[in-house]
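The values are calculated or read from the model by the stated rules, or taken from the named source; none is laboratory data. Bear in mind the structure is a predicted one, so any value in this text is a computation, not a measurement. Positions of Cβ are generated from backbone atoms using ideal geometry, with glycine treated the same way; all protein chains shown enter the neighbour counts. Remember, those area values only see protein heavy atoms, side chains included, never the ligands or the DNA or RNA. Shrake-Rupley method; radii C 1.70, N 1.55, O 1.52, S 1.80 Å.
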Amino acid sequence: MKRLAVILLAITMISCNKEVEQLPNPFFEAWNTPYGVPPFESIKSYHYQPAFERAMSLHAEEIQAIVDSKEEPNFENTIAAMDRSGRMLSDVSNVFGMICAAETNEELQALEGELMPKLAAHSDAIVMNEALFARVKAVYDTRFSCDLEADQIRLTEKTYDDFVRSGALLDSDKKARLMQINEELSALSVRFGSNVLAENNNFVMYQTDKDVATLPTSVRDAAKEKAKELGEDDKYAFTLHKPSLIPFLTFSPNRAAREEIYRAYINRCNNNNEYDNKQIIKDMTRLRTEKAHLLGYKSYAEYAISEQMAATPKAVYNLLDEVWAPAVERAKEELSEMEVMFKNDFTEDGYKFESWDWWYYAERVRQQKYSLNEDVVRSYFSLDNTRQGIFNLANRLFGITFRPVSVPVYHNEVSAYEVLDKDESHLGILYFDFHPRAGKGQGAWCGYFREQRYEADGSRTAPVVSIVCNFTRPTESTPSLLTLDEVTTLFHEFGHALHFLFTNVRYNGLIGVEGDFVELPSQIMENWALTPEMLNTYATHYRTGEIIREQFVKRIENSALFNQGFNTTELIASALSDLDIHSLTEVKELDVDGFEYNALYEKRGMISQIEPRYHYTYFAHIFSGGYSAGYYFYIWAEVLDKDAFAAFCETGDLFDRRTAEALRREILSKGGERDGMSLYRAFRGKDPDKTAMLKARGLWKEPVVDSTEVTKELSISEMLKMKKLNN
């Protein structure tokens, strides 16, 4: 009933749009804030609806002015004018989107459901405007004879392609159907994400003092504080948020409790209740497939990947299949090691190692093989020290610095820094939002409240960037302590932030890069995180201040390939699931669970003790996060990032400033001024080689050399030498 009341309130607000329009609205005036950041303390939920309405109206007027121009179409009055349009809409959308992801509530969720279809319709009205497309096509057709610069040609081509991919060449009936599909998909996507958020927050498992007696102190303290927050002072609360879930699975010897919480996690939105996502998945898959057919593609995967580096689903499958087989074999080896321990614990017949056992026994194997206790290791990775270590790394590589600043924030836990370039000029503002909340989505991400842009007078407006995570909160006795996975996650998101901060392009339409290239700037930063050279600069014990001991550094180094079979298998499994469902050429009756199971376990031989990283029903990346037919991006970009990091290794100095400057100049600052492969070649001087990625995951096998072939080659070589001498 409460949710219904909120929805009715939102509808009432929308119907009273004219009254709200007259109220003071921070989006209707210039932001008189430090560095022009959003005035969060002044922005209320009821401001968004009128702000979007006005922004869309202004944008429509700007587009109509381009269409009505009596001048012959040229780059400046058509392509550049479009690129400059919609400034207010961009500002409102950026703030609204970031807040809905990091600090939402039922009112905002209801509003999001109302707004997304309207925004989709607004966008479609532009790209399907025949008169506007005629002007765009006129510039596109003459782009090589108009003395345009390289970035202007690139923007013209991207603009034209965007129109075509959005249905500009369709007849009126097909355009109308495509617009309807886009509106429906927008609404379904919002519902999918809202359901996942609800399921994340609805589960709590309480434990007693006896239940948690053997858990590490930091895990108990965090669970105790969560229980107090929920009004259960004498208990310990565990939730489906990763900082609570994973430590419990890792350290609790209570197998039944592990099963309970893990089943709750993997069955999210698959419980046949009001938050069940199966029908939404069926509808979205059907609509996406129909959309692809309208646009001339066999499948949605073919449509989505055609504009990526990979270009075709076949190229993606080739990479995934190459990694899949050795990953599963490695996972089987890891399982065999753990089953020895499991059988010692459960000697009776009838017990089988299950997926909820993996983290617990993997941790025991790690302690046995590498003497690497995660709880001890975490004591060297306080959140504050890790963040400072990242700042120091950025300074060594690029010469930039970070200064705490007092600016408006959207939550009292958020901190902010001014980023200064090597010449101490203002580069941007960077927010950090680290801990789980009821209104925050799962996982970690980096986005912006304002992208980098150039004004009419030629001045550059700096970006306002935000890193959002879900790390364990500090307790009364300990600061926030990170696992090794969380450490690399922070390095990863910081890489995205650097990409946003360094981007320096004059046209907004050239800020974005291909989806399978976008993870290169983030993933390359992970490579530094756990190197001995880096650990010695920031990994200090949170109580004693002692630099991490050499023995721990060695153990971390030696365990680099530990559990990689599992990690790779669950990652590739989700990438394959995503590609499989979006490669359907026809969608009639789709059994969501059965389709996924058959594709992974029956067809590809995935072992039952591993679940894919995401099951369809909570796979937010692909159903509400913009990665549809694109979860492969991570492994594709890993080929790039490992090969790019090798460029630093080859210098003999992991912090080589010249290589870092080349990385910034050729990749991080260029946005989408050129295609991803061209950017990569400009930095590396060659095509990427996947050998480094396979080695990093422990999947590389040295090619077997036939000695007779070597003899033949040497003989031919000698013969050529002899011939040369005789001549």
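Worth pointing out:
- Of interest is the spacing of the C-alpha centroids, which for region 323-339 and region 39-97 amounts to 52 Å.
- Charges were assigned to the Cβ only: +1 to each Lys and Arg, -1 to each Asp and Glu. The resulting dipole of region 323-440 about its Cα centre is roughly 360 debye.
- Here the dipole of the chain is about 840 debye; that uses its Cα centre as origin and unit charges on the Cβ of Lys and Arg (positive) and Asp and Glu (negative).
- GluC sites (Glu not before Pro) within region 182-289, DSSP loop, no more than 16 other Cβ atoms inside 10 Å: GLU232, GLU274
- For region 480-565, applying the loop criterion from DSSP together with a ceiling of 13 other beta carbons within 10 Å to the GluC sites (Glu not before Pro) yields GLU546.
- Too-long pairs where the Cα-Cα distance tops 22 Å, listed order kept, from LYS298/LYS588; LYS603/LYS642; LYS235/LYS352; LYS242/LYS332: LYS603/LYS642; LYS235/LYS352; LYS242/LYS332
- Straight-line cross-link partners of LYS422 among the aspartates and glutamates, defined as a Cα under 15 Å from its Cα and at least 8 positions apart when in the same chain: GLU661.
- Reported to the nearest whole Å, the Cα centre-to-centre distance from region 153-224 to region 358-426 is 26.
- Simple Cβ-charge dipole of region 59-126, Lys/Arg +1 and Asp/Glu -1, about Cα centre, in debye nearest 20: 100
- Of all DSSP beta bridges in the chain, antiparallel share, percent nearest 5: 80
- Solvent exposure, largest accessible area first (probe 1.4 Å, DNA, RNA and ligands not counted), of PHE619, PHE562: PHE562, PHE619
- Within the chain, helix-based [θ] at 222 nm, where runs of 4 or more DSSP H residues each add -39,500 (n - 2.57), nearest 500: -18000 deg cm²/dmol
- Where labels lie 7 Å past Cα in the beta-carbon direction, separation of LYS70 and ALA256 in nm: 8.5
- Environment charge at SER252 (Cβ cut-off 10 Å; Lys +1, Arg +1, Asp -1, Glu -1): +1
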